[in-house]
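Quick notes on the structure that follows.
The values are calculated or read from the model by the stated rules, or taken from the named source; none is laboratory data. Treat the numbers as computed from the prediction; the structure is a model and nothing was measured. A quick note on method: Cβ atoms are made from the backbone with ideal geometry, for glycine too, and the neighbour counts reach across all protein chains shown. Note: areas computed on protein heavy atoms with side chains; ligands, DNA, RNA excluded. Shrake-Rupley method; radii C 1.70, N 1.55, O 1.52, S 1.80 Å.
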Amino acid sequence: MKKISTYVNKKVLVLGLAKSGFSAAKLLHELGALVTVNDGKPFDENSEAQELLSLGIKVIAGSHPIELLDEDFSLIVKNPGISYSHPFVLKAQELDIPVITEVELAYEVAECPIIGITGTNGKTTTTTMTGLLLNAGQLPGTARLAGNIGYPASTVAQEAKMDDTIVMELSSFQLMGITDFHPHIAAITNIYEAHLDYHKTRKEYIKAKWRLQQNMTKVDYLILNWNQEKLRELSKKTKATVLPFANQQKLTVGTYSLADGIFYNQEKIMDIAELGVPGSHNVENALVAISVAKLYGVSNEVIKKTLQLFHGVPHRTQYVGEVQGRKFYNDSKATNILATKMALSGFSLEKLVLIAGGLDRGNSFDELIPSLRGIKALIVFGETKTKLREAGKKAGISVIKVVENAESAVPIALDLSNKGDSILLSPANASWDQYPNFEVRGERFMDAVNKRK
């Protein structure tokens, strides 16, 4: 970790805890800052706040009192989940207090190169694939995963050595809070409409994603999805060296797939059928990871062997197991329509029972209807169950059942299926109407499956 003096005796407010805020507070304390932590969770129920208090850090929990901003803070490190429209944040901006996210702090102390990966879908799988390829390539040091994937960036940055590489998954929420953040290699897997409850407009959402490359130069590499017109347009507005990738489209330079395989700079790497995870979306994820690996000099043989053995990450089209001749898959991370559409592309729909539902964000599911056509049965739950049932009817699905939650769908799915069928939890919705997060939703689904093995 770089020993910086930037924060010595500076008053810094950490707004919101969870993993990233907790890590940021401890790091700032170690760097000599005068840290105050403010978290909305009551102190008695807040183990992170209690631990920080024991370290001598000032803690205010249970609410976000505006008058706290009277303390003349030099900086606010904001949890990504707290919106910029929050009254506390708006007041801070009015007072011209800089507001960053924890990934910016991580960049400031990191001694090693950073690979930044963002996009609407595929971030976690792509980040995981990339880390596996770099480590399998036996490069000096270790490729360490960080960021939105679940490992606080500021913790990983402290632990990483100069020979290591940090492969960082970045959300649009995190990217809104960067200033000097500068990855050597960056990738945007895709950009679709998402998180409009946070960003308000598609334009603002894209603007947040595009911040990833704002400090990159021609010696850096920006990997972009050439299948998307918007990213082709944006490629003209970066100083970085652009490396395109495309699914089912030949490129002169870059990584691409055709019916007969996956290629880098027109050299074949492997057959698509050799990938260990199904679906065209996973082909795209692999194209990004291969692009990074080739920039690092990883051999074709290592890439092929590694991706053959990769069978997905938890909650992302994760194979759970077989019960009574039915194969179960957990895709709880599919928190939007596009993610579910991509998951469906990897299955034979006439042998598939889909389980979907969750938080109602006000959108319809008309966009999902074409992907639902041909499905054997649909099971719906949560706040969006009625909307999804109507979408299923429009898609011509004759068997549609309504259940309480993801776990109660398991026995119903068994009844509606036959040996040789697949049962997929791919909700197309966020989880917060019934679960703390998508991980808990997926775990409860998997527990229900495992009890019937």
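Got a sec? Which of 426, 422, 417 is in contact with a strand residue (DSSP E or B) (Cβ under 7 Å, 6 or more places away or on another chain), open to solvent by 10 Å² or more (accessible area, probe 1.4 Å), of a type in the set (S, T, N, Q) and in the same structural domain as residue 376 (by the TED database)?
Only one candidate passes the filter, namely 422.
Could you please let me know if residue 374 is closer than 18 Å to residue 320 by Cβ and assigned to a loop (DSSP other than H, G, I, E, B)?
no
Looking at the range 314-328 only, could you name the residues that are under 19 Å from the mean Cα position of the chain (by Cα) and buried (at least 18 other Cβ atoms within 10 Å of the Cβ)?
Selection gives 315, 316, 317, 318.
Give the residue, chosen from 450, 405, 437, that is open to solvent by 10 Å² or more (accessible area, probe 1.4 Å) and at pLDDT below 95.
Being open to solvent by 10 Å² or more (accessible area, probe 1.4 Å) and at pLDDT below 95 holds for just one of 450, 405, 437, which is 437.
Looking at the range 154-168, can you tell me whether even one residue there is aliphatic (A, V, I, L, M), at pLDDT 95 or above, within 16 Å of residue 207 (Cα to Cα) and not in a loop (DSSP other than H, G, I, E, B)?
no
In the range 335-347, is there at least one residue being open to solvent by 30 Å² or more (accessible area, probe 1.4 Å) and free of Cβ contacts under 8 Å to residues at least 12 places away in the same chain?
Among the residues of the range 335-347, not one is open to solvent by 30 Å² or more (accessible area, probe 1.4 Å) and free of Cβ contacts under 8 Å to residues at least 12 places away in the same chain, which makes the answer no.
Regarding residue 132, is this residue closer than 30 Å to residue 301 by Cβ, crowded, with 19+ Cβ neighbours inside 10 Å and not polar (S, T, N, Q)?
Considered against the rule, which asks whether it is closer than 30 Å to residue 301 by Cβ, crowded, with 19+ Cβ neighbours inside 10 Å and not polar (S, T, N, Q), residue 132 comes out as yes.
When you look at residue 5, is it open to solvent by 30 Å² or more (accessible area, probe 1.4 Å), of a type in the set (Ser, Thr, Tyr) and farther than 30 Å from residue 165 by Cα, yes or no? Write out each step before concluding.
Numbers: open to solvent by 30 Å² or more (accessible area, probe 1.4 Å): yes; of a type in the set (Ser, Thr, Tyr): yes; farther than 30 Å from residue 165 by Cα: no.
No, not satisfied.
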